[in-house]
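Engineer: Have a look at this one before I ask anything.
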Amino acid sequence: MTAIAIRDELARWPASLKIGATFFLLIVVTGLFAPWLTPYDPYTQDLAGFLQPPSWRHPFGTDHVGRDVLTRVLHGIRIDLQIGFITTYVPMTYGLLLGALSGYLGGWFDTLMMRLLDVAVAFPFLVLIIVIIAILGPGVHTIYIAVFLLAWTMYARLARAEMLVERGKDYVLAARTLGYPTSRVVFRHAMPNVINSSIVFSMADFVLNILLVSSLSFLGLGVPPPLPEWGAMVAEGRDFIFDAWWISTLPGLAIVVTGASLSLIGDGLAHRLGQRQRSFL
Amino acid sequence: MAIIEYILGRILQMVPVLIGVSLVAFLSIHLVPGDPVQIMMHGRATEEVLATVRGELGLDRPLPIQYLRFVGGAMVGDLGKSIIQKAPVDEIIGERLGPSLFLLVYSAVLAVVIALPLAVVAALKAEGPIDHGIRIVGIIGFAMPPFWVGLLLMVLFGLVLRWFPISGYGRTFIEHLWHLFLPSLTIAAFLAPILVQSLRSAMLDVMTADYIEVARAKGLSRRRIVLKHVLRNAAIPVITVLAVNIGWLLGGAVVVEYVFAFPGLGSLLVRAVGHRDYPVIQGLSLVFAVIVMVINLLADLSYMAIDRRVLRR
Amino acid sequence: MSRQPYFRALGAALLAAAATLAVGDVAAAADVKRGGTLVLARPEEPLTFNPFVPADNGSIYAIEQVCDSLTEADATGLGLRPGLAESWEISADTLTYVFKLRDAQFSNGQPVTVDDVVFSLRTAGGPTAAYAFGFEPILAVEAADDSHVTITLKRPYTPLLSVLSLFAAAIVEKASFEADTDGFGQKPVCSGPFRVEEYARGSSVVMVRNDNYWDIGVDGQPLPYLDRIEMLYVPESNSRVLGLRSGDYDVIASVPFNQARQLEGDSEVTLEAQPIFRLDYVYLNHGKAPLDKKEIRLALNYAADREAILKTVYFGFGEIPNSYMPKVNYHSDTVEQIPYDIEKAKELVAAAGYDGTPIDLMLSTGDAPGKQIATILQQAWQAAGLNVNIVEFESGTAWDMTTKGEYQAYVSYITSDINDTDELAVIQADVNSGTNAFFTWYNNPEVIDLLAKARQSADSNERAGLYAKVQDIAYHDGYSVPLNFVPSVNAYHNYVSGWRTVANGWWWLKDVSVDK
């Protein structure tokens, strides 16, 4: 893309997309430079200086083993964005593929996929995650596996529904008449139209997944210590919520800010991509 | 008649799904290391006692036999007996099903009550400062950890103002409403923002649709247009959001259940897994699956009631 | 698993305790207030009231309020006093015990008969009862006449009186139990101070006064003082503290340590920190490298900054241990503590020729203090030159791995059910006890020898000396990494009197009264 093309594209961005993207970029950059932004290490404890309220030395205070909360929040950016990214976009990829194929092919494949989807939707997520954690132990990878097994369903549904619409459109029929193979028709021609609603949804999904890890941490099923993951920090601080509110509240704030930027991006993308159904959050 | 055939067909479709869910639940829970009898006896009982109790519970039989026994029982409505509580599983689940559903319906109603006016304002003033303000507040409500919201509400309404009790369920309908207000509000704080945004989008779409222009041209007031046409069409996303989330929240409300000491299905499930109470876990998986499917069916039926074209497609 | 031998020669201390029959030190106001309701919020959920279905503390503490046994713990839990048995006689060869039953009634008005006693004790020792190991030395339980029950033993067994005070030895009404065994778990018929009026699984138990209870209060009237107890299951500790402050709850059990310090400053509330038979410690699996080396195990002990842990995790509640087991009756204060000495730990690691084999420090999900402890220990042990990973497993899985020896180090605890050192000394330190020295595979022939001697001795001074020696050896062998003798921390409003946690961890609610 040339500079002019980029400028034109940016000019077409709605305000919400610009604001959201700027914030998100800031968060990413902060995460990348986290080790150089504070003088502390996210793991080093100072048992003598535990539960210190926010001050100039520790703007976010210290936690229950004397670690600098700000440092841990900043280091947590990398972990949480990685978790959000992987738990959102990996299932989205095959969810889209399966849904689009299902919608395009119909027949027995569609029926099979839909029953499989029903099982995945109807199966209680909590049972699945507890079972997987009981076998493998808690950790980022365990969460990935559980989410991978179930989270594709929303994308498959969206893609299937869009594909049902696209399938009947003139250009697909034309491509078929010309004798192009099915895969090419689906993935080269219809897919770009199918994918938009999923991209918009993925912004909300990203936040939901970070929140899911936070909920799992509350049940002790999140990432193991001492990893500075936001949800785990929020959960670890909850016993101290009345005497040291900052341990759990400030990482929570990080989730809110990230969520807000993603939501704005989602809304803006919906505008830009001309989606009928706008942002999901 | 077509509608009854449709419903029957949908119910028939549930059967293979239930078989799939029960099989996955059964296999996965038996894959997990841990022995319910050993856990129940806290590591003090002798091997002989452990073996005897396992035998009494039928846990020493081959897995396929155990599964068939479970399916056989489930088909005649017998979900077995809890290993640790020695009470019928359907009774144990039944006791909590009512409160859990009450909590969710209450939360959904509160969420709609909160979301509707906000969404109308946001849609009418789209892209204005009020719209953005509503969005930001919504995101804060949505992204705040539920236990945090719950404790905050508890401190404010339970401890400082003393308007609502901080736990319990109550006996009468009115008492349920009173006791469950804070937990429901906690869940609604999560649901309402999603609803607001979906509703707002839907309303914006409808407002720009042709027939609204026609209505406007006919001289109908803005207020009447919103009430009559826009809201009716906006009901679809509301149903979608609620259907997707209620199924999930049935088990996922466990955090709220813990904070408010509320006897719901989520905490029952966590406890049952901790004790490896196989019959309870299997029973719960089936119940969750049925509820999710029934909610989806109800959602589809209400789409039809709103828009008959869906059925034809 | 655990077998009978460690009960064998419990010895004079217990007998002495039983003989003196310590009378409860209930706040001895003769004008004690009667009536009213006590609302008690606990973090554990009662699962069943059937005393023969082995249970967790959630059930045990509730059963204790409802069911009676032949003997019972006194107000402190350190001694015994007569329960449904008014008195007893022991034959010269100590093989025959004859118990004289009290004239008592069950909560349904039926008299407590010798039939009920014989039935209950036989069930308690039956083939599916978890605590059956305690009843194994019993040869027979028989009715002697209408008011006497005879228990004959296979061999001398001094802890019998203590075992008979266990919740698992509760006397149930035979007719009700047999008529509906499953239903009994929901609505028991026993002869304790309270009876279950309403049991809402997963949320609450409502107990009301048993008007037929036999014991007499300080005012000369029948116990209990309270009319009603609402025992609520409130798992979230913040919610319990809030509920106490808002007045929704009268008593809360298990106050988190950080909030306990705050509650201490609240003038309307009394905080109780009562020592109980509990030790928090890190289990070590001596069968797994590098923990098979004594130097490494000692290095773990030297590197553990217990002062810091006591301060940051327990907020000063508890006592730094000098033992591998809880502080039960033969505990020795003279065993020297292993100090915090990181340099010494480094030397030991070097001396052991440590090859970098990582140590997985396991904890159960949801164990918040355990998580904090693991986090602190990981850093400390890494500072000593060891590779340490924290691994978290769901508690059922963690327990399974522990019992099978598929772990290295596990942050956990142990409690004693009985007021005698012998139970845990043998279960923890004797590798032949059936639990592989409580899943440590600790094997020191000298210790096993000393324990056998202590079991055969009837002289309490001699036993005290032997147990002290075992304590010294096992502790300095790096049996485990002991962290804290943890007290039970509870809080109640000042209008509650007579509240006291007994050493076994529960409370006698029959001694409690409220004056709102």
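Every number here is computed from the coordinates shown, using simple stated rules; none is lab data. Small disclaimer: the values here were computed from a predicted structure and weren't measured. A quick note on method: Cβ atoms are made from the backbone with ideal geometry, for glycine too, and the neighbour counts reach across all protein chains shown.
Engineer: Put a dot 7 Å past each Cα toward the Cβ at C:Asn432 and C:Asp449; how far apart are the dots in nm?
Structural biologist: Going by the 7 Å Cα→Cβ label model, 1.3 nm.
Engineer: Shifting gears a bit: Under the rule of -39500 (n - 2.57) per DSSP H run of 4 or more residues, summed and divided by the residues of chain C, what mean residue ellipticity at 222 nm is obtained, to the nearest 500 deg cm²/dmol?
Structural biologist: -8500 deg cm²/dmol
Engineer: Another question about this same structure. Cross-link candidates for A:Lys18: which lysines have Cα within less than 21 Å, leaving aside residues fewer than 8 places away along the same chain?
Structural biologist: Counting by Cα, and skipping residues close in sequence, A:Lys18 has these lysines nearby: B:Lys125.
Engineer: Could you work out how far the C-alpha centroid of segment C:457-499 sits from that of segment A:86-146, in angstrom?
Structural biologist: 51 Å
Engineer: Right, next: List residues of segment B:48-91, by number, whose backbone nitrogen lies under 12 Å from a label position 7 Å along Cα→C-beta of C:Glu136.
Structural biologist: Counting only backbone N, you get B:48-50.
Engineer: Go through B:Phe102, A:Pro54, C:Ala491 and say which Cα lies farthest out towards the positive end of the charge dipole of the protein assembly as shown; charges sit on Cβ, +1 for Lys and Arg, -1 for Asp and Glu.
Structural biologist: Selected residue: B:Phe102.
Engineer: While we're here: Given R₀ = 56 Å, what would the calculated FRET efficiency be for C:Asp182 paired with C:Asp93, taking r from the Cβ atoms and rounding to 0.05?
Structural biologist: 0.85
Engineer: Can you work out the FRET efficiency for the pair C:Ser267 and A:Arg188, with r the C-beta to C-beta distance and R0 = 56 Å, to the nearest 0.05?
Structural biologist: FRET efficiency, C:Ser267 to A:Arg188: 0.15.
Engineer: What does the helix-only formula give at 222 nm for chain A: each DSSP H stretch with n ≥ 4 adding -39500 (n - 2.57), the total divided by the residues, and the result rounded to the nearest 500 deg cm²/dmol?
Structural biologist: -23000 deg cm²/dmol
Engineer: Extent of chain C along each principal axis, from alpha carbon coordinates, in Å, largest to smallest?
Structural biologist: Over chain C, Cα extents along the principal axes are 71, 58, 39 Å.
Engineer: State the extension gain, in nm to one decimal, for the chain segment bounded by A:Ala15 and A:Met114, taking 0.36 nm per residue of separation less the distance between their alpha-carbons.
Structural biologist: Gain in length upon complete extension: 31.8 nm.
Engineer: What residue among A:Leu105, A:Leu178, A:Leu37 shows peak mean-square fluctuation when chain A is described by a Gaussian network model with Cα springs under 10 Å?
Structural biologist: Between A:Leu105, A:Leu178, A:Leu37, it is A:Leu178 that shows the largest mean-square fluctuation.
Engineer: Relative to the Cα centre, what is the charge dipole magnitude of segment A:79-280, using +1 at the beta carbon of each Lys and Arg, -1 at the beta carbon of each Asp and Glu, and rounding to the nearest 20 debye?
Structural biologist: Value, rounded to 20: 920 debye.
Engineer: Dividing the convex hull volume of the Cα atoms of the protein assembly as shown by its residue count, what figure in Å³ per residue is obtained?
Structural biologist: 197 Å³
Engineer: Report, in degrees rounded to the nearest 10, the 0 to 90 angle that the Cα long axis of helix C:368-383 makes with the longest principal axis of chain C.
Structural biologist: Compared with the principal axis, the helix lies near 20 degrees.
Engineer: Still on this structure, I have one more. What list of ³J(HN,Hα) couplings, whole Hz, do you get for segment A:221-234 from phi and the Karplus terms 6.51, -1.76, 1.60, once you set θ to phi - 60° and write x for glycine and proline?
Structural biologist: Values, residue by residue: 10, x, 7, x, x, x, 4, x, 8, 4, x, 5, 5, 4 Hz.
Engineer: Working from Cα positions, state the angle (0 to 90°, nearest 10) between the long axis of helix C:237-246 and the longest principal axis of chain C.
Structural biologist: The two axes meet at around 50 degrees.
Engineer: Considering only Cα-Cα distances, which of the following residue pairs are longer than 18 Å: C:Lys33/C:Lys516; C:Lys288/C:Lys404; C:Lys33/C:Lys510; C:Lys327/C:Lys469; C:Lys288/C:Lys469?
Structural biologist: The answer is C:Lys288/C:Lys469.
Engineer: Using the C-alpha atoms of segment B:1-108, what convex hull volume per residue, in cubic angstrom, is computed?
Structural biologist: In segment B:1-108, the Cα convex hull volume per residue is 158 Å³.
Engineer: Per residue of A:257-270, what is the mean number of Cβ atoms on other protein chains within 10 angstrom of that residue's Cβ?
Structural biologist: 3
Engineer: On to the next question. Report the paramagnetic label zone for B:Leu161: residues of segment B:183-206 whose backbone N is under 16 Å from a point 7 Å from Cα along the Cα-to-Cβ axis.
Structural biologist: B:183-189
Engineer: Same structure, new question: Cut-off under 21 Å on the C-alpha distance; same-chain residues fewer than 8 positions from B:Lys86 excluded. Which lysines are left, in chain and number order?
Structural biologist: C:Lys174, C:Lys187
Engineer: If you don't mind, another one. If each of C:Lys404 and B:Ala126 carries a label point 7 Å out from its Cα toward its Cβ, how far apart are those two points in nm?
Structural biologist: 5.9 nm
Engineer: Of C:Thr181, C:Ala168, C:Ala104, whose Cα points farthest to the positive end of the dipole of segment C:64-193 (charges on the beta-carbon: +1 Lys, Arg; -1 Asp, Glu; origin at the Cα centre)?
Structural biologist: Working it through, the farthest residue towards the positive pole turns out to be C:Ala168.
Engineer: Follow-up. How long are the semi-axes of the equivalent ellipsoid of segment A:79-280, defined as square roots of 5 times the Cα gyration tensor eigenvalues? Whole Å, largest first.
Structural biologist: 37, 20, 11
Engineer: A follow-up question, please. Sort A:Val65, B:Val76, C:Val218 so that the residue with the fewest other Cβ atoms within 10 Å of its own Cβ comes first and the one with the most comes last.
Structural biologist: Fewest-to-most Cβ neighbours within 10 Å comes out as B:Val76, C:Val218, A:Val65.
Engineer: Of the options A:Pro225, A:Leu81, A:Met163, report the single residue whose Cα projects farthest towards the positive end of the charge dipole of segment A:79-280 (beta-carbon charges: Lys, Arg +1; Asp, Glu -1).
Structural biologist: A:Met163
Engineer: Further question: Can you spot the lysines whose alpha carbon is less than 16 Å from C:Lys293's alpha carbon? Ignore those fewer than 8 places along the same chain.
Structural biologist: C:Lys344, C:Lys346
Engineer: Length gain on complete extension for the stretch A:Asp170 to A:Val28, per 0.36 nm per residue less the alpha carbon to alpha carbon distance?
Structural biologist: 46.9 nm
Engineer: So what is the calculated 222 nm ellipticity per residue for chain B, using -39500 (n - 2.57) for each DSSP H run with n of 4 or more, over all residues, to the nearest 500 deg cm²/dmol?
Structural biologist: Calculated from helices alone, the mean residue ellipticity at 222 nm is -24500 deg cm²/dmol.
Engineer: Note the full-extension length gain between C:Lys33 and C:Ala289 as 0.36 nm times their separation in residues minus their Cα-Cα distance, in nm to one decimal.
Structural biologist: 86.1 nm
Engineer: Right, another one. At a 10 angstrom cut-off on C-beta neighbours, averaged per residue, how do the peptides C:153-163, A:205-215 rank from highest to lowest?
Structural biologist: Highest mean packing first, the order is A:205-215, C:153-163.
Engineer: Okay, moving on. Tell me the relative contact order for chain C as a rounded percent, counting alpha carbon contacts under 8 Å between residues six or more apart.
Structural biologist: So the answer I get is 22 percent.
Engineer: Cα axis of helix C:445-456 to longest principal axis of chain C: angle in degrees, 0 to 90, nearest 10?
Structural biologist: Between the helix axis and the principal axis of chain C, the angle is about 20 degrees.
Engineer: From other protein chains only, count the Cβ atoms within 10 Å of every residue's Cβ in A:224-234, then give the mean.
Structural biologist: For peptide A:224-234, the averaged partner shielding equals 3.
Engineer: Shifting gears a bit: So, in Å, what gap is there between the alpha-carbon centers of segment C:231-283 and segment B:265-279?
Structural biologist: Here the answer is 26 Å between Cα centres.
Engineer: Calculated FRET efficiency, C:Ala383 and A:Arg57, Cβ-Cβ r, R0 22 Å, to nearest 0.05?
Structural biologist: 0.40
Engineer: So for the pair C:Asp227, B:Glu91, with labels modelled 7 Å out along Cα→Cβ, what separation do we get in nm?
Structural biologist: 3.0 nm
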